Amino acid sequence: MSAPTRYAERKAEPNIRFLQGNEVCAEAAIYAGMRFFAGYPITPSTEIAERLSERLPQVGGTFIQMEDEIASLAAVIGASLTGLKSMTATSGPGFSLMQETLGYAIMTEVPCVIVDVQRGGPSTGLPTHSSQGDVMQVRWGTHGDHSIVCLTASNHQDLFEMVIDAFNIAETFRTPVVVLIDEVVAHMREQVRMPEEGEIALTERLVTAVPRDVDYHPYFPREDGRLPMSNFGGDHRYNVTGLVHDMWGFPSNKPNVADELIHHLIHKIENRKRMLVRHKEYNVDGAEIVLISYGATARSARHIMENRRAVGMAVGMIELQTLWPFPNELIRERCKDADYIVVVEMNMGQMVHQVEAAVDRPHRVFLSNRVDGAMITPNNIKNLIRVIQGKGV
Amino acid sequence: MAATDYLRKRFMPHIWCPGCGHGIVLNSLLRAIEKLGMEKNDVVMVSGIGCSSRIQGYTDFHTLHTLHGRALAFATGVKLAKPEVNVLVPMGDGDALAIGGNHFIHAARRNIDITAIIMNNSTYGMTGGQYSPTTACGDLASTAPYGTVGKPFDVVALARAAGATYIARTTTYHARAMTRILTDAIKHHGFSVVEILSQCPTYYGRENDRGDAVEMMEWYRDNTVAIKPDESGPINSACNGEEAPLPIGVFVNRSEPEYCDSYAKLVREKVLS
Ligand code: SF4
């Protein structure tokens, strides 16, 4: 029995904690400098709100439980405008309610982070069970043309970093960032090493250098494309609106203003994929079969990759950590020599379509999935591989 | 500073129809702010969607034009994050009481220091005159060609039940009283609600044969009655075709712990000590 000894040793190491994924989200957000949280109870994300209700006041932050998820994201946007890094957390039904407000944050370019802990759907679905059914909702849930940034993680150490990254990206690009995890990662407990202060770089808000009471243009980009902000209610008076607007924040119906704005909102993300794409890969070079997965299911995929390699099969794996913008170029390049590409996800096939669109010879792409609320097991994936290879299960 | 100095003329000409009551509300509101001697930088104005919600664009304050019904939720975030600013939230009746009804009662329940101004014209002006939660029983609207069914909200009673600590009702006819009321409402430390009956001659007036803007304002003059504090009365709540005169004035003005103060106190006593 080596496990207890190992745990006892680890406990003696500084900064090792044994946490639930939801607690990791809360602690990482505080590490990132988040000081305003508004939320509404919903399974399986509630522990994020619970922990932050206790932790935020201890670090000078503010917590509020709002009347619903719409109000939660609205309050988060209001607070973020005043200069506080802000966040909300929810699950499928609540995330559906937030869609219009998410579009407002995109349109008004207000940095904020939304954690969506996926559960089975549609509707009330399977509140206490896992799913990865919100991937496309993150991308296209709000109306109109837009882009979005979405990060995920399969283990708590990565999750800690992804949440911090989410705040860094939100501040850099003035955009909402969705941290999309699933019930398994959210409720699973595992050890996580808490980084020291200063160990992970934090991006602070770029504040305008325009002096008080001199005209400040909230939507006038610097040469590098970044839009400096001015804390709302502070030194500069300006207008923020969800209508199509010019650099002053004034509503406009002019075709050229609308055209420029929509292009800007999309290009600021899609043209910076290189800065936004995070992924991990294992044994992809020379792999005949490449597994592609993300979140909790990546754990099963990695397990079966190792298991199959042990019997001599050339199986590799890519774990996606940035889901949006989707890393088309990366996937095409890394999968070009594979015989088969197996996308492992807990839905009826969402990312698989992105993969099919990204690779040459898309008939190589297969889906290993489950939608019954239970985790995909390594065996599920193994069986599919056997079917693909004509071996029978 | 003169009241007109608070205008953001770059946004003009405004979108309102000739005779619309909302311009009178803007006038009274700026006079109230002038009377209070507030600096432009002291005021944050958060609005939703509708004809009334465009008022925010015409003022040279910190202005946040949000989503239909959600102004109070955005404003709650601003106020909690920056309690030192004065937050004013102008809304229409549909904005505040239909799609935003939940946010309205919860903001009132919290007694957060926000001034909610409900410009009530009993219609959705911007979308073309549909019936709203304050349209009287039987009134015509573009979605009520045979008359509106169901009772309208009494905004005063609703705000009182939800816990607002300052509640007043006035009309665009009573512009001077409106300025006084808005002055008090802004000064009030807690959630204040000012319902202002504001004519929409373009839709509600035309659909219901109420005449032009002047006639509609004269109707406000002839069909309202001033109340003493803490009296209340029904607003067109009976569905029998009879309209009782509408009580106007200050209905509630009391002091109770404010939300941001209470949160700060709690943190001081339970977390930091
Ligand atoms: S439609 Fe009615 S409420 Fe809207 S601006 Fe015209 S008169 Fe005013």
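General remarks:
- Residue in the stretch A:173-189 that is part of a helix (DSSP H, G or I), over 17 Å from residue A:21 (Cα atoms) and touching a residue at least 40 places away in the same chain (Cβ under 8 Å) present: yes
- Subset of the stretch A:80-109 [of a type in the set (A, V, I, L, M), facing chain B (nearest Cβ under 10 Å) and closer than 24 Å to residue B:102 by Cα]: A:81
- Odd one out for residue B:50 among (1) farther than 27 Å from residue A:84 by Cβ; (2) within 16 Å of the ligand (Cβ to nearest atom); (3) in contact with a helix residue (DSSP H, G or I) (Cβ under 6 Å, 6 or more places away or on another chain); (4) not in a loop (DSSP other than H, G, I, E, B): (4)
- Per-region count, the stretch B:81-93, residues surrounded by fewer than 24 Cβ atoms within 10 Å (Cβ to Cβ) and at the interface with chain A (Cβ under 7 Å from one of its Cβ atoms): 2
- So residue B:223, is it surrounded by fewer than 18 Cβ atoms within 10 Å (Cβ to Cβ) and not acidic (Asp, Glu): yes
- In the stretch B:2-30, the residues that are outside any loop (DSSP other than H, G, I, E, B), within 15 Å of the ligand (Cβ to nearest atom) and hydrophobic (A, V, I, L, M, F, W, C): B:11, B:24, B:25, B:26
- Every residue from the stretch B:183-203 that is closer than 24 Å to residue B:124 by Cβ and surrounded by 24 or more Cβ atoms within 10 Å (Cβ to Cβ): B:193, B:194, B:195, B:196, B:197, B:198, B:199, B:200
- For residue B:40, the stated conditions do not hold, so it cannot be described as on the phi < 0 side of the Ramachandran plot, surrounded by fewer than 22 Cβ atoms within 10 Å (Cβ to Cβ) and in contact (Cβ under 8 Å) with a residue 60 or more places away in the chain.
- A residue that is more than 17 Å from residue A:313 (Cβ to Cβ), of a type outside the set (Ser, Thr, Tyr) and touching a Leu at 6+ places or on another chain (Cβ under 6 Å) can be found somewhere in the stretch A:367-376.
- Screening residue B:38 on (1) within 11 Å of the ligand (Cβ to nearest atom); (2) of a type in the set (A, V, I, L, M); (3) not in a helix (DSSP H, G or I) shows it passes everything except condition (1).
- Exactly one residue out of A:77, A:70 is within 14 Å of chain B (Cβ to nearest Cβ), closer than 21 Å to residue B:49 by Cα and in contact with an Asp or Glu (Cβ under 8 Å, 6 or more places away or on another chain), and it is A:70.
- Restricting the search to helices (runs of 4 or more DSSP H) fully inside the stretch A:23-122 and requiring at least 2 residues that are of a type in the set (A, V, I, L, M) gives A:46-58, A:69-81, A:99-108.
- Scanning the stretch B:1-28 for residues that are more than 26 Å from residue B:128 (Cα to Cα) and of a type in the set (A, V, I, L, M, F, W, C) turns up B:1, B:2, B:3, B:7.
- Number of the condition not met by residue B:28 [criteria: (1) buried (at least 24 other Cβ atoms within 10 Å of the Cβ); (2) of a type in the set (S, T, N, Q); (3) free of Cβ contacts under 8 Å to residues at least 60 places away in the same chain; (4) over 14 Å from residue A:239 (Cβ atoms)]: (3)
- Residue match in the stretch A:9-24 (condition: hydrophobic (A, V, I, L, M, F, W, C), modelled with pLDDT of 95 or more, crowded, with 18+ Cβ neighbours inside 10 Å and in the same structural domain as residue A:115 (by TED's automatic domain parsing)): yes
- Residue match in the stretch B:122-132 (condition: out of contact with any Lys or Arg (no Cβ under 8 Å at 6 or more places or on another chain), within 16 Å of the ligand (Cβ to nearest atom), modelled with pLDDT of 95 or more and of a type in the set (A, V, I, L, M)): yes
- Within the stretch B:129-150, being crowded, with 17+ Cβ neighbours inside 10 Å and either in a loop (DSSP other than H, G, I, E, B) or basic (Lys, Arg) (or both) holds for B:129, B:132, B:133, B:134, B:135, B:136, B:137, B:139, B:140, B:148.
- All positions within the stretch B:64-80 that are touching a residue at least 40 places away in the same chain (Cβ under 8 Å) and either within 7 Å of another protein chain (Cβ to nearest Cβ) or not in a helix (DSSP H, G or I) (or both): B:80
- Remark: residue B:33 matches the filter, which requires a residue to be of a type in the set (A, V, I, L, M, F, W, C), away from the ligand (no atom under 14 Å from the Cβ), within 21 Å of residue B:177 (Cα to Cα) and out of contact with any Gly (no Cβ under 7 Å at 6 or more places or on another chain).
- Residue within the stretch A:185-195 that is aliphatic (A, V, I, L, M), touching a Gly at 6+ places or on another chain (Cβ under 8 Å), surrounded by fewer than 24 Cβ atoms within 10 Å (Cβ to Cβ) and not assigned by TED's automatic domain parsing to the domain that holds residue A:323 present: yes
Here's the yes/no breakdown for (1) of a type outside the set (A, V, I, L, M); (2) assigned to a loop (DSSP other than H, G, I, E, B); (3) free of Cβ contacts under 8 Å to residues at least 24 places away in the same chain; (4) more than 14 Å from chain B (Cβ to nearest Cβ):
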residue: A:236; (1), (2), (3), (4): yes, yes, no, no
residue: A:291; (1), (2), (3), (4): no, no, no, yes
residue: A:319; (1), (2), (3), (4): yes, no, no, yes
residue: A:323; (1), (2), (3), (4): no, no, no, yes
residue: A:329; (1), (2), (3), (4): yes, no, no, yes
residue: A:336; (1), (2), (3), (4): yes, yes, no, yes
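- Test result for residue A:153, within 24 Å of residue A:376 (Cβ to Cβ) and out of contact with any Pro (no Cβ under 9 Å at 6 or more places or on another chain): yes
The values are calculated or read from the model by the stated rules, or taken from the named source; none is laboratory data. Just so it is clear, the model here is predicted, and its values are computed rather than measured. For neighbour counting, all protein chains shown are included, and Cβ atoms are generated from backbone atoms with ideal geometry for every residue, glycine included.
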